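The structure under discussion appears below in the form of structure tokens.
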């Protein structure tokens, strides 16, 4: 497998990691939005208990509010998962399969092999032309 292909597979893996990270932030947004709604409900009760009914009514209008038009945060998470994240994962998996079942982190594995065995920095190109050594990946055939 050429250096350019390994680099492209590495970049695809990096992109998927970024999407996974974004998904984590979206889940955090979902959890924080839900926690805020529950805390708001407590504030409404406390305003009522304190005799501040106008303030309770004003704050109550925020309880259960959509985070965007007609959507709660869980619906954003579900849409992201089905319309983007899963499609991205499936595409990445299919490309790796078509590349001879390339490992998910092939670029990093090659870097590890190169740095531990060849004692070259990651920025220095491998020796031996356009082909990387794939000793660390017996499933990859040149």
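The values are calculated or read from the model by the stated rules, or taken from the named source; none is laboratory data. The shown structure was predicted, so the numbers you read here are calculated from the model rather than taken from an experiment. As a convention, Cβ positions derive from the backbone with ideal geometry for all residues, glycine included, and neighbour counts pool all protein chains shown.
Observations on the structure shown:
- Cross-chain or 6+ apart pairs with Cβ under 6 Å, the range 104-115 first and without any contact (Cβ under 8 Å) to a residue 12 or more places away in the chain, then surrounded by fewer than 15 Cβ atoms within 10 Å (Cβ to Cβ) and not in a helix (DSSP H, G or I): 111/122
- Residue in the range 46-61 that is surrounded by 11 or more Cβ atoms within 10 Å (Cβ to Cβ), under 22 Å from residue 83 (Cα atoms) and touching a helix residue (DSSP H, G or I) at 6+ places or on another chain (Cβ under 7 Å) present: no
- Apart from one condition, residue 84 fits all of (1) in contact with a helix residue (DSSP H, G or I) (Cβ under 7 Å, 6 or more places away or on another chain); (2) under 21 Å from residue 28 (Cβ atoms); (3) in contact (Cβ under 8 Å) with a residue 40 or more places away in the chain; the exception is (1).
- Summed over the range 57-95, the residues that are closer than 20 Å to residue 42 by Cα and outside any helix (DSSP H, G or I) give a count of 8.
Yes or no, residue by residue, for (1) closer than 19 Å to residue 15 by Cβ; (2) at pLDDT 95 or above; (3) out of contact with any helix residue (DSSP H, G or I) (no Cβ under 9 Å at 6 or more places or on another chain); (4) surrounded by fewer than 11 Cβ atoms within 10 Å (Cβ to Cβ):
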| residue | (1), (2), (3), (4) |
| --- | --- |
| 64 | no, yes, no, yes |
| 69 | no, yes, yes, yes |
| 91 | yes, yes, no, no |
| 135 | no, no, no, yes |
